[in-house]
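**Q** Quick one: the structure is below, questions incoming.
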Amino acid sequence: MNKKKLRILEFLVILLVIIVGGFLVLNAVASAWGRAREAKNREICALHLKHWASVLAMYADESNEGFYPPIQATPTISFELDLNNLYPQYVSDLSSVACPSDIKPPPPSLDLKPLSPDARRRVLAGLSHSYSYLGWAFDRLEDVPEQCLPLDKLPPALAAAWNRLGGNLKPPIEPWKERGVCRQMALTAEQVLQSGDSAKADVRLDVSDGNRGAGIVHRLRKGVERILAADAGTTPEEPARIAAGIPVMLDTFLNTPTAVMFMHLPGGSNVLFLDGHVAFCKYPGPGPVNRSVGSFLEMLDMIKWCTP
């Protein structure tokens, strides 16, 4: 009888070892598969951003004064591409606004050309974007006090839009309430909220908030790096370095502390820079992939989706 119990016990131990070992192997395989899938998705997103670099360059070649397209400014400001300026002349495949790692649904695979202009405008304005488009040559994006704006010091139009949200709708950015949001971006957005036409122009701010002490935040345009270099009185080699450091588009991310705060894990975003290169930037790090920029983009995202 004791031998029988011992055999049963041995069998149960062996079975437990097999189950635990199988679980560990399956978990390792699933993790490896997940990492491989995410690496592929990250590569696809980088290719999307490089595609957008070509689209933006084509638009700038044909626009007045070489301007890049404006951001969305209606019905409220959103740091996303206004596809009404691009579809279908410059981009016909709307899938390029979606990252495969994004939890939001991709754009519908519809032919919008037969729609009336108003219907097409509404459809394009309502599409979910996986990429933020900055629109201006922002160069003060670091998460440091002098480049941030506390939430209790938001400018009037932005504060009014923010305060219209109910408490339950506001994103949980309380951990960064003291430091707040990116100052240069918020002050630029304020002017767009006051006048939608500001989305198509350079923005004048105080000298301390503008590009390189010139009191202006320049719209993205061909050769803007040379303008910035001239404003700062730098050497002939400086424009190339400036272009390599000015972000144009990036994978959208939020500061919300959940598993979906980033499309890419571990936390980070692909960033397209003005010189055309794409780099993956870990979070938190140098701008634009940091807390103050993330809080600001999260704020505008909530305002956008809660605006009638």
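**Q** Within the range 252-304, restricting attention to residues that are part of a strand (DSSP E or B) and closer than 17 Å to ILE103 by Cα, which residue is modelled with the lowest pLDDT? Steps first, answer last, please.
**A** Pass one, the range 252-304, residues part of a strand (DSSP E or B): 264, 268-273, 278-282.
Filter again for closer than 17 Å to ILE103 by Cα, leaving 264, 268-270.
Working: HIS264: 70, GLY268: 85, SER269: 90, ASN270: 93.
Result: HIS264.
**Q** May I ask you to list the residues in the range 64-81 that are under 10 Å from LYS200 (Cβ atoms) and part of a loop (DSSP other than H, G, I, E, B)?
**A** The answer is PRO69, PRO70, ALA73.
**Q** Still on this structure: Does any residue in the range 57-78 that is acidic (Asp, Glu) come within less than 9 Å, Cβ to Cβ, of a residue that is assigned to a loop (DSSP other than H, G, I, E, B) six or more places away or on a different chain, and which pairs are these?
**A** Pairs found: ASP61/LYS222; GLU62/GLN89; GLU62/TYR90; GLU65/LYS222.
**Q** Regarding ALA244, is this residue closer than 29 Å to CYS45 by Cα, in contact with a helix residue (DSSP H, G or I) (Cβ under 8 Å, 6 or more places away or on another chain) and surrounded by fewer than 23 Cβ atoms within 10 Å (Cβ to Cβ)? Before the answer, list the steps.
**A** Numbers: closer than 29 Å to CYS45 by Cα: yes; in contact with a helix residue (DSSP H, G or I) (Cβ under 8 Å, 6 or more places away or on another chain): no; surrounded by fewer than 23 Cβ atoms within 10 Å (Cβ to Cβ): yes.
It is false that ALA244 is closer than 29 Å to CYS45 by Cα, in contact with a helix residue (DSSP H, G or I) (Cβ under 8 Å, 6 or more places away or on another chain) and surrounded by fewer than 23 Cβ atoms within 10 Å (Cβ to Cβ).
**Q** Kindly evaluate ALA232 against the criterion of being on the phi < 0 side of the Ramachandran plot, aliphatic (A, V, I, L, M) and at pLDDT 85 or above.
**A** On the way: on the phi < 0 side of the Ramachandran plot: yes; aliphatic (A, V, I, L, M): yes; at pLDDT 85 or above: no.
Considered against the rule, which asks whether it is on the phi < 0 side of the Ramachandran plot, aliphatic (A, V, I, L, M) and at pLDDT 85 or above, ALA232 comes out as no.
**Q** Select, from ALA161, ALA157, ALA119, the only residue that is buried (at least 21 other Cβ atoms within 10 Å of the Cβ) and either at pLDDT below 85 or in a helix (DSSP H, G or I) (or both). Before the answer, list the steps.
**A** Details: ALA157 fails: buried (at least 21 other Cβ atoms within 10 Å of the Cβ); ALA119 fails: buried (at least 21 other Cβ atoms within 10 Å of the Cβ).
After ruling out the rest, the residue left standing is ALA161.
**Q** Which residues, counting only those in the range 199-222, are buried (at least 20 other Cβ atoms within 10 Å of the Cβ) and part of a helix (DSSP H, G or I)?
**A** Listed by number, the residues that qualify are ALA199, ASN211, ARG212.
**Q** For the range 63-84, give me each residue that is modelled with pLDDT under 95, hydroxyl-bearing (Ser, Thr, Tyr) and touching a strand residue (DSSP E or B) at 6+ places or on another chain (Cβ under 7 Å).
**A** Across the range 63-84, the qualifying residue is only SER78.
Listed here are the residues, each with its yes/no results for (1) more than 25 Å from SER269 (Cα to Cα); (2) modelled with pLDDT under 85; (3) of a type outside the set (Val, Ile, Thr); (4) assigned to a loop (DSSP other than H, G, I, E, B).
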| residue | (1), (2), (3), (4) |
| --- | --- |
| ALA32 | no, yes, yes, no |
| ARG35 | no, yes, yes, no |
| LEU47 | no, no, yes, no |
| SER54 | no, no, yes, no |
| ASP61 | yes, no, yes, no |
| GLN89 | yes, no, yes, yes |
| PRO108 | no, yes, yes, yes |
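**Q** Kindly indicate whether GLU142 is at pLDDT 90 or above, exposed (fewer than 13 other Cβ atoms within 10 Å of the Cβ) and not hydrophobic (A, V, I, L, M, F, W, C).
**A** Values: at pLDDT 90 or above: yes; exposed (fewer than 13 other Cβ atoms within 10 Å of the Cβ): no; not hydrophobic (A, V, I, L, M, F, W, C): yes.
No.
The values are calculated or read from the model by the stated rules, or taken from the named source; none is laboratory data. This structure is a prediction, so every number in the text was calculated from the model and none was measured. A quick note on method: Cβ atoms are made from the backbone with ideal geometry, for glycine too, and the neighbour counts reach across all protein chains shown.
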